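Below is one structure, written out as structure tokens; comments come after it.
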Amino acid sequence: MNGSSLARWATGVGAALAVALGSWTAPAIAAPAAGPVPTSAGPSVADPWRPGRPELGVQVYWVNNPADSDEVVLAKARRLFAQVIGMEANAVGVTFPFFTESLTASAVHVDGRTPTPERVGLVLAQARAMGLRTSLRPLLDEANLQQQDPHSWRGKLLPRHRDAWYASYEELVTPYLHVAERVGVDTVVLGAELNSLQDDPHWPALVGRARDVYRGELAYTANWDAYATARTGVPVDVIGIDAYPQLDVTAGDGEDRLTAAWTTWLDSARIGRGAVLTEVGAAAEAQTLENPAVPHRAGAPLDEGIQRRWFTAACRAAHDRGLGGLYWWKIGFDVDPAAVDPAADLHDSWLGRAAQPAMRACFAAWGRST
């Protein structure tokens, strides 16, 4: 990083953009037919995203609680999006789980943990009412797969009957595409981290039928080690990257060394200007450097410093490379930011820890520089 770039970042550290409180009139949008109508209660984005500006976002992981009423869901959404806006973000991604029975199963399904399309519409309409850019992403849950084999994950799917699997997947995602079109969601991610399926010939037809339903931006998010095959195999508008690279660094390395390592990885993966890192996450423990995709290890000591340096370096490298944006992973939908316990929470959380103000400063500086 050159001297002028360092100066810009130094100026940004600790800065906060003004957040407009009080009433705000949202653009007219179509809400789902059922349930309460979202309002713009709470803060709104001071400088909303527009084409040509970076997507400065936070990913929300939403495991549905069937006992929550729609009113409770909306209250949680407002609380959550206020936190996102307080991070100097202009965008939010909502990720929700779906399921399959095994790596070779020929069908996928939802259950009570999957928010319904109607609820998704309410929450994303609320995000839009607060001025946030919105994206929606289904993500295959791996818990039962890893019970069968600890090395199993969504990137190893090998359905016995591909036609049946893709038909089942299309049936699952189509109602969410309809809601996204009705509410005006900016991006729908049609798939995520499906390494073993990225070269499958079913994708063009699936993408084509999705375009018949949804006219916004269609995306796919590749795992950090499979970006190249996603670009050639999945014909969507945008390929994002869930970025968990295993870098040649140690826990004692400072921000400059970590930033250089991130830049080297971006070079080697051929991730250039305009690309979006759709997930950047790391646990607050030194072991995160061995494999940042593993969220936490039992018994590992808390290390807030390495988490802060990892996030700061990732953001510096992304900003200096001119990437199209970055999304921090993650906040759980049910989390109350006012009740977090930095000393006791799982290490993959950054709320209330040293990384959080560094991440906020990163977005504030990046937003001012564009």
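The values are calculated or read from the model by the stated rules, or taken from the named source; none is laboratory data. Keep in mind that what you see is a predicted model, and the values were worked out from it rather than measured. With ideal geometry, Cβ positions are generated from the backbone for all residues, glycine too; neighbour counts draw on all protein chains shown. Each accessible area value is taken on the protein alone, full model and side chains, heavy atoms only, with ligands, DNA and RNA left out. Shrake-Rupley method; radii C 1.70, N 1.55, O 1.52, S 1.80 Å.
The table below gives the values:
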quantity	calculated
Residue satisfying condition, being assigned to a helix (DSSP H, G or I) and within 18 Å of N64 (Cβ to Cβ), within set A180, A167	A180
Near pairs, Cβ below 6 angstrom, 6+ apart or cross-chain, from segment 140-164 (more than 23 Å from D199 (Cβ to Cβ)) to any residue that is polar (S, T, N, Q)	Q146/S152
A358, sole failed condition from (1) within 30 Å of T114 (Cα to Cα); (2) in contact with a Ser or Thr (Cβ under 7 Å, 6 or more places away or on another chain); (3) among the aliphatic types (A, V, I, L, M)	(1)
Segment 240-270, subset surrounded by fewer than 23 Cβ atoms within 10 Å (Cβ to Cβ) and of a type in the set (A, V, I, L, M), residue nearest to R308 (Cα to Cα)	A251
Residues that are touching a residue at least 40 places away in the same chain (Cβ under 8 Å), part of a loop (DSSP other than H, G, I, E, B) and within 18 Å of the chain's Cα centre (by Cα), drawn from segment 286-307	P292, A293, P295
Those residues of segment 313-322 which are in a helix (DSSP H, G or I) and open to solvent by 10 Å² or more (accessible area, probe 1.4 Å), in sequence order	R316, H319, D320, R321
Residue, modelled with the lowest pLDDT, within segment 126-158, restricted to residues that are in a loop (DSSP other than H, G, I, E, B) and charged (D, E, K, R)	D149
I331 being under 20 Å from the mean Cα position of the chain (by Cα), among the β-branched types (V, I, T) and modelled with pLDDT of 95 or more	yes
Some residue of segment 231-242 being touching a Leu at 6+ places or on another chain (Cβ under 8 Å), under 30 Å from G272 (Cβ atoms), of a type outside the set (D, E) and assigned to a helix (DSSP H, G or I)	no
Where a residue in segment 197-212 is within 17 Å of R231 (Cβ to Cβ) and surrounded by 14 or more Cβ atoms within 10 Å (Cβ to Cβ) and its partner, wherever it lies, is among the β-branched types (V, I, T) and at pLDDT 95 or above, with Cβ under 8 Å and at least six apart	Q198/T229; Q198/V234; W203/V234; V207/V234; V207/V236
Hey, A283 open to solvent by 40 Å² or more (accessible area, probe 1.4 Å), assigned to a loop (DSSP other than H, G, I, E, B) and either at pLDDT below 95 or within 26 Å of Y227 (Cα to Cα) (or both) or not	no
Count of residues meeting criterion [open to solvent by 10 Å² or more (accessible area, probe 1.4 Å) and hydroxyl-bearing (S, T, Y)] in segment 213-227	1
Residue among W328, W310 that alone is assigned to a strand (DSSP E or B) and among the hydrophobic types (A, V, I, L, M, F, W, C)	W328
Per-region count, segment 286-307, residues closer than 28 Å to P138 by Cα and of a type outside the set (G, A, S)	10
Filter result for G367 (at positive phi and either modelled with pLDDT under 95 or not aromatic (F, W, Y) (or both))	no
Scan of segment 158-183 for residues that are surrounded by fewer than 21 Cβ atoms within 10 Å (Cβ to Cβ) and touching a strand residue (DSSP E or B) at 6+ places or on another chain (Cβ under 8 Å), ordered by number	S168, L172
Some residue of segment 85-93 being under 18 Å from G184 (Cα atoms), at pLDDT 95 or above, in contact with a Lys or Arg (Cβ under 9 Å, 6 or more places away or on another chain) and in a loop (DSSP other than H, G, I, E, B)	yes
Flag if V123 is more than 30 Å from D163 (Cα to Cα), in contact with a helix residue (DSSP H, G or I) (Cβ under 8 Å, 6 or more places away or on another chain), open to solvent by less than 10 Å² (accessible area, probe 1.4 Å) and part of a strand (DSSP E or B)	no
